[in-house]
Amino acid sequence: MKIVSRNEELLRDAVSRIPQSSSRTSLSSYNKLIRFEDISAAAFKIQCGVQKTPCMYSRLSKQYGMDIYLKKEFLQYTGSVKERGVLYLLTSLPQDQQRKGVIVAADSNFSMAVAYHASELRIPVFVIMSTSTSPARVKMCREYGAMVISYGTTAKDSQTHARRLAQENGYLYLEEEDSAVYLSGLGTVGLEVYEQVPKLDAVIFPAGGHCGLLAGSAAALKHLNPHISVIGVESESFPVLQQSLKAGHPTEDQACSNHHFYGDVSGLCFGSNSLQLTGKLVDKVVAVREEDVLISILRLLEYERATVDAEGAIGLAALVAGKLPELKGKRVAVVLCSGNLELHLLQQCIARALTLDNRVCRISLVLSDCPGDISKLLEILAREEARVLDIKQERTFVTSELFTVEVTCTVETRDKIHTAQLRNALLERYPTAAWTER
């Protein structure tokens, strides 16, 4: 006997409104109704190929006044939740197509997942990347087992070349879209969160243009418990999902797919399927500032020893920014979906986040160029327990009187209160000191 819940009827109603014709040729033949049974089947089929990542109680809970559980999807082999959808998609391909191979053209978590899992399944896989792609990403993709070809200076050039190769050689051209197979694989996150954290009140997911994780997981969670709030979070700089939901169709004018910091969160809204499911099943979509995302990256690194990128940290950013006050005192799961932050960006993010968190500041002051004056300044900094990160002296281009030196100190403090104490102590001794915090 088959039991159909009200939420499954909502799923069927949402998908039934989607036009069946599509200009895409890669996965259109695999589009069909997404049901809870599809998500359950995906979970069974991919269980040996992806990690069942932990969903652990966070030390950040007391700081934000709620029970926070972090679903650590960045622990997947390629550092991304996209592995779930990709693996189920590849295993669902006909045997004939698996023998011919697949081809992708993007510098994204999706491409990395395709490279790794296709190689593991012994499916020939080709990845076309533009010449502007980071060498580290190219190397990693090759190490996963893909044949990487550099072509063109833009992503559009690479995609055109990949489609031509697919047509000439019989490869299946894959791009991230909202086919039911792909969404079902991503929806397994919702199943696991529901199983791992009893009595959940809400689950927070990254949103943006690529909202497949949000849509697929919402389908699973709302089927299991309609009272669980499902919340999506995107950037204020690229409110792609909010604009698309308001317009009733995918919009492109808000997207910025070349934004390396946000990654997939800033991409185009890639399908009506995800959009319709999100509109039906997701309770709320909020937008956060870039500053909140940076501080979230810092909080996760300090409190959880978790290194995530903007897409992985954006869910927690909604709590950091106080965008969800209704969740105070409740049990909340946050999905950390990605941890593929390049090293040079990680360094910049940490430095900027410390400044935004009022823990790194800069003081400029003019001292007489006499022995002992700088040592007195350093004595005050030591007494106030501030850590000196950098100190510079300028004598040549000083606009004040002769025989003076302009000293600029960059210091690290414990928190905002400590910063205020240090500022008062310095201004008491040096009233003309210029203070730069953020």
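Simple point charges give the picture: +1 on the Cβ of Lys and Arg, -1 on the Cβ of Asp and Glu, and for the stretch 358-436 a dipole about the Cα centre of about 280 debye.
Working note: Karplus 6.51/-1.76/1.60 with θ = phi - 60° gives the stretch 195-208 the couplings 6, 7, 10, x, 6, 5, 9, 7, 10, 10, 10, x, 10, x Hz, where Gly and Pro are set to x. When peptides 360-369, 92-101, 211-220 are ranked by their average number of other Cβ atoms within 10 Å per residue, the highest-first order is 211-220, 360-369, 92-101. Of PHE261, PHE205, PHE44, the residue with the largest accessible area leads and the full order is PHE44, PHE261, PHE205 (1.4 Å probe).
Each 5 Å bin, from zero up to the one with the longest distance, holds this percent of the alpha carbon pairs of the stretch 358-436: 3, 15, 29, 27, 15, 8, 3, 0. On the basis of the beta-carbon distance and an R0 of 35 Å, LYS376 and HIS344 show a calculated FRET efficiency of 0.40. Rolling a 1.4 Å probe over the heavy atoms of the protein chains gives the chain an accessible area of 46 Å² per residue. The slack between ARG429 and ASP283, meaning 0.36 nm per residue of separation minus the straight C-alpha distance, is 47.1 nm.
Stretching the chain fully between LEU121 and LYS328 yields a gain of 70.0 nm (0.36 nm per residue, less the alpha carbon separation). FRET efficiency for the GLN393 to HIS260 pair, using the beta carbon distance and R₀ = 30 Å, is estimated at 0.25.
Its DSSP H runs of at least 4 residues, each contributing -39,500 (n - 2.57), put the calculated 222 nm mean residue ellipticity of the chain at -13500 deg cm²/dmol, to the nearest 500.
Strictly over 27 Å apart at the Cα level, which of LYS156/LYS323; LYS246/LYS323; LYS71/LYS199; LYS45/LYS328; LYS71/LYS280; LYS45/LYS139 would you flag in this model? Pairs exceeding 27 Å: LYS156/LYS323; LYS45/LYS328; LYS45/LYS139. For the chain, the residue among TYR69, ALA219, LEU327 whose Cα projects farthest onto the positive side of the dipole built from Cβ charges is ALA219. Taken one residue at a time, the phi angles of the stretch 288-302 give Karplus couplings (6.51, -1.76, 1.60, θ = phi - 60°) of 10, 7, 4, 4, 5, 5, 5, 5, 5, 4, 5, 4, 5, 5, 7 Hz. Gly and Pro are set to x.
For the stretch 32-355, a simple Cβ point-charge model (Lys and Arg +1, Asp and Glu -1, everything else neutral) yields a dipole of about 560 debye relative to the Cα centre. The Cβ shell under 12 Å around PHE205 holds other residues with a net charge of -2, Lys and Arg each +1, Asp and Glu each -1.
Counting only DSSP beta bridges with both residues in the chain, the antiparallel share comes to about 45 percent. If you take the Cα centroid of the stretch 39-79 and the Cα centroid of the stretch 147-222, the two points sit 17 Å apart.
Once the Cα-Cα distance is subtracted from the 0.36 nm per residue extended length, the THR160 to SER40 segment shows a gain of 39.6 nm. For the peptides 381-388, 393-400, 336-343, 302-309, residues were scored by their other Cβ atoms within 10 Å and the scores averaged per peptide; the highest-first order is 336-343, 302-309, 381-388, 393-400. What's the local net charge at GLU195, with K and R +1, D and E -1, over the other residues with C-beta under 12 Å away? For residues surrounding GLU195, the net value is +1.
The values are calculated or read from the model by the stated rules, or taken from the named source; none is laboratory data. Quick caveat, the model's predicted, so the values are computed rather than measured. Positions of Cβ are generated from backbone atoms using ideal geometry, with glycine treated the same way; all protein chains shown enter the neighbour counts. Accessible surface areas use protein heavy atoms only, side chains included; no ligands, DNA or RNA. Shrake-Rupley method; radii C 1.70, N 1.55, O 1.52, S 1.80 Å.
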